[in-house]
Every structure is written in structure tokens, then in C-alpha cells.
Amino acid sequence: MTRKDNIIYFDSDDEFLDFCVMPTPVIREGKHGKYIDFDFTSMYKNELEKGTRFCIKDEDSLIAKRGMVTYRTESKEVQNLEPWFGIEF
């Protein structure tokens, strides 16, 4: 992970996933009972509040293509993703 101006660059999907997803599951209460979910890390949330952009330096990144992270069986949309053009701006 490297930061350049207002963009944080990640080498792989796994590196971005480690940055933005809390590894500990969260138990939530829904209208049909309890279920297991995941939450984003405070680091990711803080960077979003600052307007930081994220770029995964992998042309085959599934996160960048889908705009979502998947952890266990749950998927959630991620924000502020930049496409990778082969250079860091």
C-alpha cells in the first residue's frame, strides 16, 4: 500500500480487502432474526470521510471490476475506486 496525494494504491485485491474489511464477523438483528455480517474498518471509513480515492494495481482485480468486496458469503459495495492505468498519478 502506497499513498500518493489523495490516492492510496494497493498491489492486489487481498491487500485492499485486508485494509477495508474487519476480519471479525458482526452479528446483526434483522426482521427475520439474527444474521452474520461484516463491517468496514475504521481506517477505510476515515479515508472515505477525507475523500481519499483507492486504486488496485492489478488489471485482473475483481474488486475494481465489480465495485464490491466479498467476505465469506456477503458482498458490499465499496466507494471511491479509481481504475488502474498502469501508472501512479
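We did not get these values from a lab; they are worked out from the coordinates using the rules stated. Source: prediction; values computed, not measured. So basically every Cβ, Gly included, is an ideal-geometry build from the backbone, and we count neighbours across all protein chains shown.
List the residues whose amide H sits under 5 Å from the amide H of Leu81, counting only those 5 or more places along or on another chain, with H placed 1.01 Å from N in the peptide plane.
Correct list: Phe54.
Identify which of the listed values of log10 I(q)/I(0) by the Debye sum over Cα atoms at q = 0.13, 0.25 Å⁻¹ was calculated from the structure shown: (1) -0.39, -1.41; (2) -0.57, -1.10; (3) -0.44, -1.33.
Checked against the structure: label (3).
In what sequence, highest mean first, do 5-15, 41-51 appear when ranked by Cβ atoms within 10 angstrom?
For the peptides 5-15, 41-51, the packing ranking is 5-15, 41-51.
7 Å from Cα along Cα→Cβ at both Leu48 and Thr73: what's the point-to-point distance in nm?
So the label points at Leu48 and Thr73 sit 2.4 nm apart.
Explain nothing, just compute: Karplus ³J(HN,Hα) = 6.51 cos²θ - 1.76 cosθ + 1.60, θ = phi - 60°, for every residue of segment 9-14 in order, whole Hz, x for Gly and Pro.
3J(HN,Hα) across segment 9-14, in whole Hz: 9, 10, 6, 8, 4, 4.
Which cross-chain or sequence-distant (5 or more) residues have an amide H under 5 Å from the amide H of Thr41, H modelled 1.01 Å from N in plane?
For Thr41, whose amide H was placed from the backbone, the distant partners under 5 Å are Val21, Met22.
Using label points projected 7 Å from each Cα along Cα→Cβ, tell me how many nm separate Asn80 and Thr2, to one decimal.
Distance between label points: 2.0 nm.
With springs connecting C-alpha atoms under 10 Å apart, model the chain as a Gaussian network and identify which of Arg72, Arg28, Arg53 has the largest mean-square fluctuation.
Arg28
Have a look at the DSSP beta bridges in segment 2-82 and tell me what percent are antiparallel, nearest 5.
Antiparallel bridges: around 70 percent, rounded to the nearest 5.
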